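Below is one structure. I have some questions about it.
The values are calculated or read from the model by the stated rules, or taken from the named source; none is laboratory data. Keep in mind the model is a prediction, meaning the values are calculated, not measured. Virtual Cβ from ideal backbone geometry, glycine too; neighbours counted across all protein chains shown.
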Amino acid sequence: MENPAKTVLSSHQNVGPKGVGDPEDTHLRKVEREILIPKLMRERTRNEKCRFESEEFGRCCADAGLLMTFKCKPQTKVMYECMESWYKNDDFIKECTEMYLKQRSEYRSSGLAQKMRAKKRDMF
């Protein structure tokens with residue numbers, strides 16, 4: 001009897017077409033719930049939802065230099081309030097979770113990370 005290949009993934013994650021998990025699985029690990037999805041939420045709020053506030057804060061910091069902590073308090077407050085409102089929005093949390101699950105499913109189906117899939121699309 002041959003020994004199965006050893007892997008760091010648990011047995012339910014070592015399945016699927018590429019051996020990196022079931023693409024249809026919607027179960028979230030702790031690291032996904034507490035780190036990866038909030039990271040996606042931060043990126044989206046900074047780049048999409050609170051873009052104007054983030055740009056204002058960035059301009060203020062560039063102008064203020066080392067004194068940005070003191071000079072940019074109003075911009076910081078406005079930016080944080082905007083971002084916090086999105087962090088508490090249940091629909092936005094659900095949307096980001098679904099977006100993460102879709103990205104993870106695509107990775108598990110193709111075996112290629114998002115950057116590699118984009119690079120491959122650009123090549124053809």
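Could you go through region 67-78 and let me know if any residue there is within 26 Å of Arg104 (Cα to Cα), assigned to a loop (DSSP other than H, G, I, E, B) and modelled with pLDDT under 95.
No, there is no match, as no residue in region 67-78 is within 26 Å of Arg104 (Cα to Cα), assigned to a loop (DSSP other than H, G, I, E, B) and modelled with pLDDT under 95.
Given the criterion under 18 Å from Arg108 (Cα atoms), out of contact with any Leu (no Cβ under 8 Å at 6 or more places or on another chain), β-branched (Val, Ile, Thr) and modelled with pLDDT of 85 or more, identify the matching residue among Val15, Val31, Val8.
Of the residues listed, the single one that is under 18 Å from Arg108 (Cα atoms), out of contact with any Leu (no Cβ under 8 Å at 6 or more places or on another chain), β-branched (Val, Ile, Thr) and modelled with pLDDT of 85 or more is Val31.
Looking at region 93-101, is at least one residue polar (S, T, N, Q), assigned to a helix (DSSP H, G or I) and over 27 Å from Arg33 (Cα atoms)?
Checked region 93-101: no residue is polar (S, T, N, Q), assigned to a helix (DSSP H, G or I) and over 27 Å from Arg33 (Cα atoms).
Let me ask you something else. Name every residue in region 34-60 that is more than 23 Å from the chain's Cα centre (by Cα) and either modelled with pLDDT under 60 or of a type in the set (A, V, I, L, M, F, W, C) (or both), in order of residue number.
Cys60
I'd like the full set of residues that are over 15 Å from Cys50 (Cβ atoms), without any contact (Cβ under 8 Å) to a residue 40 or more places away in the chain and not basic (Lys, Arg), limited to region 75-105.
Those that are over 15 Å from Cys50 (Cβ atoms), without any contact (Cβ under 8 Å) to a residue 40 or more places away in the chain and not basic (Lys, Arg): Asp90, Asp91, Glu95, Glu98, Gln103.
Hey, another quick one. Would you be able to tell me the number of residues in region 102-114 that are farther than 23 Å from Arg33 by Cβ and either at pLDDT 85 or above or assigned to a helix (DSSP H, G or I) (or both)?
Total meeting the criteria: 1.
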